[in-house]
Every structure is written in structure tokens, then in C-alpha cells.
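S.K.: Sending over a structure as C-alpha cells; questions will come in a sec.
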Amino acid sequence: MLMKTAAQSLTEQLSARFAERIRNRLLAPGARLPSVRQCAQLQGVSASTVVAAYDQLLAQGLVEARKNRGFFVRETPLARPVERQPGVRPEAAPAGANLRPAGPVNATALICGMFHSISDKPQPGMGVLPAEWLESTFLPAAVRKVTGARALQDLSLQYGEPKGDAGLRALLSRKLADLNVQASAGQVITTIGATHALDIVSRTLLRAGDAVMVEEPGWAVEFARLAALGMRILPVPRGPDGPDLEVMARYCEAHKPKLYVSVSVLHNPTGACLSPGSAHRVLQLAARHQFHIVEDDTYSHLAPEHATRLCALDGLQRTIYVSGFAKILAPNWRVGYLAAPPDLVEPLLDTKLLGTLTTPALLEKALAVCIEQGQLRRHAERIRIRLATARDRSMKLALQSGCTFAAEPAGLFGWVDTGVDTDQLAQRMLDEGYLLAPGALFHATRTPSTLMRINFATTQEPLFWRVLQAQMAALRR
């Protein structure tokens, strides 16, 4: 609650609170500030205090006033529009409208939020497992094993292998075979996390102006990354079995896309997995229209056995496999990899070399130890069991609070319908010490949504759900 002091007026405190959240990207571009009346009630101040605070934000260039609509965090311009097929999103602008994708600042709002301590409470919007879930003794032991005095000197005083540590790539080849993805060690390239792998693929296969199909809802960082490269984004609605194939077919005829980016297993944010029938039809479209598919399998360690993967069915012909270890092992190690068709390995490697030269051999060798000794596999099994228990508990709490699930709960994330605008809900929850992931973050154009993504591992406390329920009720009044 705001309190007037000799040093700072209520207006200055309120303006500073919003300014800090905007600069820290806890309020993303395009987000609507509470109405003057709502903000006054929420903060326990007069309407005139709110008006004066909003005027200060306007003067600082942090927000803009839209006639008869309210105050919004100022947008940043982008180079490329989002293209949509007629009928894909009735609530969106008409076909041909100059729709703009979520920009880099907007997309990184949640990521930057992760780097700012909102409070000591578990954060429902986080994209990773809690640190205590990932703690282990085998990780430090693996690092010590590969960093003896002589090894540390040998590895540190020269560049590593261009494709990545040979031992790790051989182990990754065997790991892929367990997923029915056949790739030799020579087809595997290590990267600085899965996002880096996606960027290597984009920079190799695409040129500014190319059309790229992406799943919607999907991860806003991917939308923004492609937009920053100058691509035309084609959002494909993602359902429980896979993408809307009719929309994809129309895009193929009208725009001749060069690439389709898919999270086919434990899709973020819905948790859905691609069905075999949908996978076959996607591959048929790719063959007919000559586009590549990059399959982001970031959540492979949490996935059910025998999940359908496009790369396994295609045999790495028009597909490229991407994954990493941030979700299951050590987020800050940033070890990822890709597996590609033989004819794309050298072009992809050239792009890696231009961007990073090589990747850190020490961490790659330590990861190889964890895989080779079976420690990663056992760790992943423990995490899956723990996550299943957490998911059941979180689901019960969500339903008791009046929320529903817009998709069958699976994996790390739940796609929850709150029945209220989650942009506004997120702002209210910030005051309570909770960082949410509102649904608008997962659309190529920032569209008001009643949905939000929750992390099952960080939504175990009844207190969070009680606070959420109270704020949802307040927004309905």
C-alpha cells in the first residue's frame, strides 16, 4: 500500500512503481494499465492521484493514452507484419491488415521478469523448474572430473571442436536413436542452448522477407526473434492433436513459406502432443511445398514414452531436430544441440562459427559424463515422478479456485482459463508478489486473453490460488 512521506508524494510513488515495472519489462509494451477508477481502488488513493501519476508516465514517454480506451505501455515499432488467413482469428484485424508481431521487448518481458526478484514466493509464470528440484551432487562431481589441473589448461587454452565435443555428440546420437531419430554424430552440432540452435537454423535457411509458419499460441520469443530477422510470420492455430492443417495448406498456396517451427511434444504453453495422423499430413505438406521443419524438442526429458516426433517419421530429410538441457539439468549451462540432414550440416556449422566460433568444451564434457554414467536419465525419472504429483495437486487447486483448463494438463505447463483479462490480472498479482504469464504473451499479435500459462511445479501453495481467486473476483465486479 502507498503511504505519503515527506520525501515522496503518493503521486510520485505510484508513478515510480509503474515506471520501474515498465523498465524492468514486468509490464510489456501494449499492456493496458488499470483504469483510473480501478487503480484508485486497488492502491487506496484518489482518482486525481492516479491521473497525476499517469500524466507523469506520459511525460516520461513510458505510456500512451488511447482515446476512449485508456493508458497503454508504449509500443516499439517493428519491421515486419504478421500475415493471417481469412477466418483464422475472427477477433483479429481483417485479412490484409498491417498486423504487428509481439516485439523483442514485449517477448522478453517474462524472461526479464525472471531476473528480477518479485518476492520470495514461488512464481507461477516461471518457465523453468524450481532450483531446489534441480539441485544434485552429480553435476558438481562431473565438473570436477573434467576440470583437473591439466585438463583445465588443455581445454581452456585452445578453441574447441567446431561441431562441439566429439564424445558428447556421440552420446547425443545414441540418445536420439532412443527417440527413433536416426542421426550420426557427424549430423549433430552443439549450441549455446536450444534458442541458439533455433537461431542458427533461421539464419541459415531464411532471408529477410521470407514467410515462416509458427504455432499459435506459442513462445513469444520465437515470434520476436523471427520478426527481428525481418521474416513474415504466419500464425497457425495449434490444437490438441497438432496444427490447423487447413490453415497451413492455405498459407502454403498463398505465401510459399520456407520454414515451419513446431514444438510437437509437450507444446508450450498448452502441453499438447502431436498425433501420428497430424504428423504425417504435416510432412506431406512439407514435401509438396518444399519447406523445412524445425522441431523444438526442448521438453523431451519430461515427455511421455513413444511420443510422436516429426524428425523420427521423416528421418531427418526435411526436418531439423533441436533440443537442450536447460529444463531438466542446469538452465545456466546453456548447452543445446541440433541434428540436421547431411546436406545442411556444413551450412549450419558455418552459421555457428560466424556467431560463436565454438561452444564451451568444459561444460559439454561435464554433460557427457552425466549422460554416460546414467545420472541424467535417473535424474529425469525422478523429476517426472515429482512433476506428476505436483501437476495433480496444482490442477485440483486451480479448479477449486474457479479456473478451468483450456487444454489437457501435461508436462510442466498448464494452459488455464481464468475468465478475466489476464493482462489486468497480472498487474494486480504483481502487487501481491506474483509474476504471471498472461495469454497475450503467447500470441503473435498482442491480443487480450482470459488465458494464462502456469508452471505446475511452482503453483503448489493454496495461498497463491486464494490470492488469485480474490483478484479474479475483484476484476469481475
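S.K.: With r defined as the distance between the Cβ atoms of ASN332 and SER35 and R0 fixed at 51 Å, what FRET efficiency is calculated, to the nearest 0.05?
M.R.: Working: r = 40 Å, r/R0 = 0.79.
Calculated value: 0.80.
S.K.: Next question, about the same structure. Can you give me the relative contact order of the chain as a percent, contacts being Cα pairs under 8 Å and 6 or more apart? Don't jump to the answer; show the numbers that get you there.
M.R.: Numbers: 870 pairs, mean separation 89.9, N = 477.
Rounded, it is 19 percent for the chain.
S.K.: I need the shape label for the range 384-477. Rule: rounded when a/c is under 1.5, else prolate if a/b > b/c, else oblate, with a, b, c from the alpha carbon gyration tensor.
M.R.: Oblate is the answer for the range 384-477, as a/c is 1.5 or above yet b/c matches or exceeds a/b.
S.K.: Measure out, as a whole number of angstrom, how far apart the alpha-carbon centroids of the range 277-292 and the range 433-473 sit.
M.R.: 35
S.K.: Please report how many Lys pairs in the chain have alpha carbons closer than 26 angstrom, counting only residues at least 8 apart along the chain or sitting on separate chains.
M.R.: 19
S.K.: For the range 326-378, what % of the accessible area comes from carbon and sulfur atoms, probe 1.4 Å?
M.R.: After summing per-atom areas, the C and S share lands at 57 percent.
S.K.: Could you order peptides 223-232, 266-275 by the average number of other Cβ atoms within 10 Å of their residues, highest first? If you can, show how the numbers build up before the last one.
M.R.: Numbers: 223-232: 21.0, 266-275: 23.9.
The densest-packed peptide leads the list: 266-275, 223-232.
S.K.: For the range 338-477, report the accessible area per residue in Å² (1.4 Å probe, heavy atoms, rounded to an integer).
M.R.: Working: 5510 Å² over 140 residues.
In whole numbers, the range 338-477 has 39 Å² accessible per residue.
S.K.: Oh, and also: I'd like the distance between the alpha-carbon centres of the range 333-348 and the range 1-65, rounded to an integer number of Å.
M.R.: 47
S.K.: So with the 1.4 Å probe, I'd like the accessible area per residue for the range 1-65, rounded to whole Å². The partial results should precede the final answer.
M.R.: Numbers: 3170 Å² over 65 residues.
Result: 49 Å² of accessible area for each residue.
S.K.: Over the range 266-362, what is the percentage of antiparallel beta bridges among all DSSP beta bridges, to the nearest 5?
M.R.: Values: 4 of 8 bridges.
Of all bridge pairs located within the range 266-362, approximately 50 percent are antiparallel.
S.K.: Turning to a different aspect of this structure: For a label point 7 angstrom out from the Cα of SER9 toward its Cβ, which stretches of the range 35-69 have the backbone nitrogen within less than 16 Å?
M.R.: Residues passing the 16 Å test: 45-60.
S.K.: Right, something else. What is the extension gain from ASP431 to ARG377, computed as 0.36 nm multiplied by their sequence separation minus the C-alpha to C-alpha distance, in nm to one decimal? Can you show the working numbers first?
M.R.: Numbers: separation 54, 0.36 × 54 = 19.44 nm, distance 3.99 nm.
Taking ASP431 through ARG377 to full extension adds about 15.4 nm, to one decimal.
S.K.: What percentage of the solvent-accessible surface of the range 29-69, computed with a 1.4 Å probe over protein heavy atoms, is contributed by carbon and sulfur atoms?
M.R.: 50
S.K.: Can you give the accessible area per residue of the range 172-279, in Å², using a 1.4 Å probe? Provide the component values of the computation, followed by the final result.
M.R.: Numbers: 3320 Å² over 108 residues.
Here the residues of the range 172-279 average 31 Å² of exposed surface.
S.K.: Here is a further query. Among DSSP bridges having both ends in the chain, what percentage is antiparallel? Round to the nearest 5. Kindly include the intermediate steps, with their values, before the conclusion.
M.R.: Values: 25 of 43 bridges.
About 60 percent, rounded to the nearest 5.
S.K.: Could I ask something else about it? At 0.36 nm per residue, and after removing the present C-alpha to C-alpha distance, how many nm does the segment from ALA177 to ARG477 gain when stretched out fully? All intermediate terms of the calculation are to be shown ahead of the outcome.
M.R.: Numbers: separation 300, 0.36 × 300 = 108.00 nm, distance 5.52 nm.
Separation in residues times 0.36 nm, less the Cα-Cα distance, equals 102.5 nm.
S.K.: If you don't mind, there's one more thing I want to ask. At a 1.4 Å probe, what is the % contribution of carbon and sulfur to the accessible area of the range 155-282?
M.R.: Details: 2400 of 4470 Å².
Taking all protein chains in place, the range 155-282 shows 54 percent carbon and sulfur surface.
S.K.: Can I ask one more? With n ≥ 4 as the cut-off for DSSP H runs, can you work out [θ] at 222 nm for the chain, using -39500 (n - 2.57) per run divided by the number of residues, rounded to the nearest 500?
M.R.: Values: 19 runs with 208 residues, N = 477.
Value at 222 nm, helices only, nearest 500: -13000 deg cm²/dmol.
S.K.: Classify the range 193-340 as rounded, prolate or oblate, taking a ≥ b ≥ c as the square roots of the eigenvalues of its Cα gyration tensor: rounded when a/c is under 1.5, otherwise prolate if a/b is larger than b/c and oblate if not. Don't jump to the answer; show the numbers that get you there.
M.R.: Values: a/c = 1.57, a/b = 1.18, b/c = 1.33.
Oblate is the answer for the range 193-340, as a/c is 1.5 or above yet b/c matches or exceeds a/b.
S.K.: Pop the C-beta distance of LEU399 and ALA59 into the FRET formula with R0 = 41 Å and round what comes out to the nearest 0.05. Walk me through the numbers on the way to the answer.
M.R.: Numbers: r = 45 Å, r/R0 = 1.10.
Once the sixth-power term is evaluated, E becomes 0.35.
S.K.: Next question, about the same structure. When a/c is below 1.5 the answer is rounded, else prolate if a/b is larger than b/c, else oblate, so apply that to the range 155-209 with a ≥ b ≥ c taken from the square roots of the Cα gyration tensor eigenvalues. Please report the intermediate quantities before stating the final value.
M.R.: On the way: a/c = 2.52, a/b = 1.16, b/c = 2.17.
Because a/c hits 1.5 or more and a/b fails to exceed b/c, the range 155-209 counts as oblate.
The values are calculated or read from the model by the stated rules, or taken from the named source; none is laboratory data. Because the structure is predicted, anything quoted here is derived from the model rather than measured. All Cβ positions, even for glycine, are placed from backbone atoms using ideal geometry, and neighbour counts span all protein chains on display. When the accessible area is computed, the model is the full protein with side chains, heavy atoms only, and any ligands, DNA or RNA have been set aside. Shrake-Rupley method; radii C 1.70, N 1.55, O 1.52, S 1.80 Å.
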